[in-house]
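Working notes, structure below.
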Amino acid sequence: MYRLKFKIILLSAMAGLWVQSALFAQDQNWTHFRGTSLNAVSESANPPTQWSETNNIRWKTDLEGKGWSSPVVLDNQIWLTTASDDGKKMNGVCLDFNSGKVLFNILLFTPDSVQGKHSINTYATPTACIEKGFVYLHFGTFGTACLSTSDGKIIWKRSDMNCNHVQGPGSSPIIYKNLLILHLEGNDVQYIVALDKTTGKTVWKAERPAKVYEPLAPIGKKAYITPPIVNVKGKDLLISNGSAICQALDPETGKEVWHVIQGTDSTIAMPVYENGLVYFIPGFVNSPEGEKYTELIAVNPDGAGDIAKSNVVWKRKLPVLQLLTPLLKNGLIYMVDTQNNLLCLDAKTGDVVYTKKMKNKHYASPVYASGLVYFISGKGEATILKEGRNLEIVAENKLPGEVFATPAILRNQILIRTDKGLYCIQKK
């Protein structure tokens, strides 16, 4: 009996250590666009707040080609994508986290023909996602690949999932259980597809509802969003806001659970979730008076079918073409709109808590760490705010070059990608 009790206690202790180890490992990594939980919230307790090109730079690595994909990190590896300016060469790049040394630079796709893109976009804008042993790199219509992280070998590739992006790719892949979920929404076709992550074979495909998209001009049908997974009363939902409709899908099957119809043009910002509410930004609204605008919409995700009348909690008008994904933390929403207004909103009501006019446009999404909110403009200007209902700027910093990629904050360090390379910032 004593031995049995001792064995049970030992197994319980080992299980507790395993859980702690798993949590610690998750806290130490940044595996998707906007982090392991796709919410841009870092667990770092002591992140840097001061830097320049010469101050608190642990290392900097120049990168060939161009790309706005964010860095993802697992263990001692950083992965990102790059592409030549003309889009004829698309690479996956792996760096050593401690030194910034390039470990792999793998040519993945050389398209026979290349679509055009917006002048501010690149052919390597979607962020990769990574798990133990494997990294998944996506270039939109041009191709998707799974690589072994141990040796950089290609496990599988696909280049048959196509659409006309019009302005270049932008949606990032996510890992869900045994699936890799991708969005391909152009002016010709609009669909979401889930692949078996071990083989690359299609498990399910969900097309946007044709009746909703038929009235739209072709240019208005495209979208560039990355979906989060939220859990509502024990059931996982994939929240996906296309240019004309926001849908909650069952991530196991791709079947729709609910929808809100609104919008007539591109969506870019991710939906966000906290305290039982989902927040998303639909495509353009064209008012009878000729005004074009969009909205931030808060919905209760516990519903079915068309929930536009039953589950919408509040709406707030915004300028069109919201580029960055808002940060939602502790009941407050932080964002910069396309008119360069930094907004802090009450998540329960949508009311403005405070606002500040910024000097330049912001494309990178804000990131949270240790009570601080980090914004970085397209000109490399960082504005660090103390979280809360009062505007308090803790620090302002600058790096040379352009910044479109959302930074990663982990292990009390910040990874910031510019148009020239990747910086690792750490307090000295």
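The values are calculated or read from the model by the stated rules, or taken from the named source; none is laboratory data. Everything numeric here is computed off the predicted structure, so don't read it as measured data. Positions of Cβ are generated from backbone atoms using ideal geometry, with glycine treated the same way; all protein chains shown enter the neighbour counts.
Going by what's in this entry, would Val313 be described as within 24 Å of Gln426 (Cα to Cα), assigned to a strand (DSSP E or B) and among the β-branched types (Val, Ile, Thr)?
Working: within 24 Å of Gln426 (Cα to Cα): no; assigned to a strand (DSSP E or B): yes; among the β-branched types (Val, Ile, Thr): yes.
No, not satisfied.
Which ones in region 110-160 are in a loop (DSSP other than H, G, I, E, B), at pLDDT 95 or above and surrounded by 19 or more Cβ atoms within 10 Å (Cβ to Cβ)? Of everything in region 110-160, those that are in a loop (DSSP other than H, G, I, E, B), at pLDDT 95 or above and surrounded by 19 or more Cβ atoms within 10 Å (Cβ to Cβ) turn out to be Thr122, Tyr123, Ala124, Thr125, Pro126, Thr127, Ala128, Phe139, Gly143, Thr149. Pick from region 274-303 the residues that are of a type in the set (Ser, Thr, Tyr) and surrounded by 22 or more Cβ atoms within 10 Å (Cβ to Cβ): which of them is farthest from Thr406 (Cα to Cα)? Among those residues, the one meeting the criterion is Thr294.
Are any residues in region 289-314 of a type in the set (Phe, Trp, Tyr) and either outside the structural domain of Ile239 (by TED's automatic domain parsing) or closer than 17 Å to Ala347 by Cα (or both), and if so, which ones?
Initial filter on region 289-314 (of a type in the set (Phe, Trp, Tyr)): 293, 314.
The one that is of a type in the set (Phe, Trp, Tyr) and either outside the structural domain of Ile239 (by TED's automatic domain parsing) or closer than 17 Å to Ala347 by Cα (or both): Trp314.
From the list Tyr279, Tyr293, the lone residue that is modelled with pLDDT of 95 or more and either in a strand (DSSP E or B) or closer than 24 Å to Ser69 by Cβ (or both) is Tyr279. For region 393-410, what are the residues that are surrounded by fewer than 21 Cβ atoms within 10 Å (Cβ to Cβ) and outside any strand (DSSP E or B)? Pro400, Gly401, Glu402 - these are the residues of region 393-410 that are surrounded by fewer than 21 Cβ atoms within 10 Å (Cβ to Cβ) and outside any strand (DSSP E or B). If you filter region 68-96 down to residues that are in a loop (DSSP other than H, G, I, E, B) and either in contact (Cβ under 8 Å) with a residue 60 or more places away in the chain or assigned by TED's automatic domain parsing to the domain that holds Cys424 (or both), you find that the one that is farthest from Tyr136 (Cα to Cα) is Trp68.
I need the full set of residues from region 357-368 which are within 19 Å of Gly380 (Cβ to Cβ) and surrounded by 15 or more Cβ atoms within 10 Å (Cβ to Cβ), in order please.
Taking region 357-368 and keeping what is within 19 Å of Gly380 (Cβ to Cβ), we get 357-367.
Within region 357-368, Met358, Lys361, His362, Tyr363, Ala364, Ser365, Pro366, Val367 meet the criteria.
The sole residue among Val285, Val320, Val313 that is among the aliphatic types (A, V, I, L, M) and modelled with pLDDT of 95 or more is Val313.
Restricting attention to region 339-353 and to residues that are among the β-branched types (Val, Ile, Thr) and in a strand (DSSP E or B), the residue that is surrounded by the most Cβ atoms within 10 Å (Cβ to Cβ) turns out to be Val353.
Residues that are part of a loop (DSSP other than H, G, I, E, B), basic (Lys, Arg) and either over 20 Å from Ala210 (Cα atoms) or touching a residue at least 40 places away in the same chain (Cβ under 8 Å) (or both) do occur in region 234-257, at least one of them.
Apart from one condition, Ala244 fits all of (1) surrounded by fewer than 24 Cβ atoms within 10 Å (Cβ to Cβ); (2) at negative phi; the exception is (1). For region 79-109, a tally of residues being surrounded by fewer than 23 Cβ atoms within 10 Å (Cβ to Cβ) and among the aliphatic types (A, V, I, L, M) returns 5.
Can you find a residue that is over 17 Å from Ala40 (Cα atoms), of a type outside the set (Lys, Arg) and touching an Asp or Glu at 6+ places or on another chain (Cβ under 6 Å) anywhere in region 351-365? Within region 351-365, one or more residues are over 17 Å from Ala40 (Cα atoms), of a type outside the set (Lys, Arg) and touching an Asp or Glu at 6+ places or on another chain (Cβ under 6 Å). Among the residues making up region 212-235, those that are of a type in the set (A, V, I, L, M, F, W, C) and under 22 Å from the mean Cα position of the chain (by Cα) are Ala223, Ile225, Ile229, Val230, Val232.
Out of all the residues in region 56-67, which are part of a loop (DSSP other than H, G, I, E, B) and at pLDDT 95 or above? Give the derivation first.
Taking region 56-67 and keeping what is part of a loop (DSSP other than H, G, I, E, B), we get 56, 63-65, 67.
Answer for region 56-67, where residues must be part of a loop (DSSP other than H, G, I, E, B) and at pLDDT 95 or above: Asn56, Leu63, Gly67.
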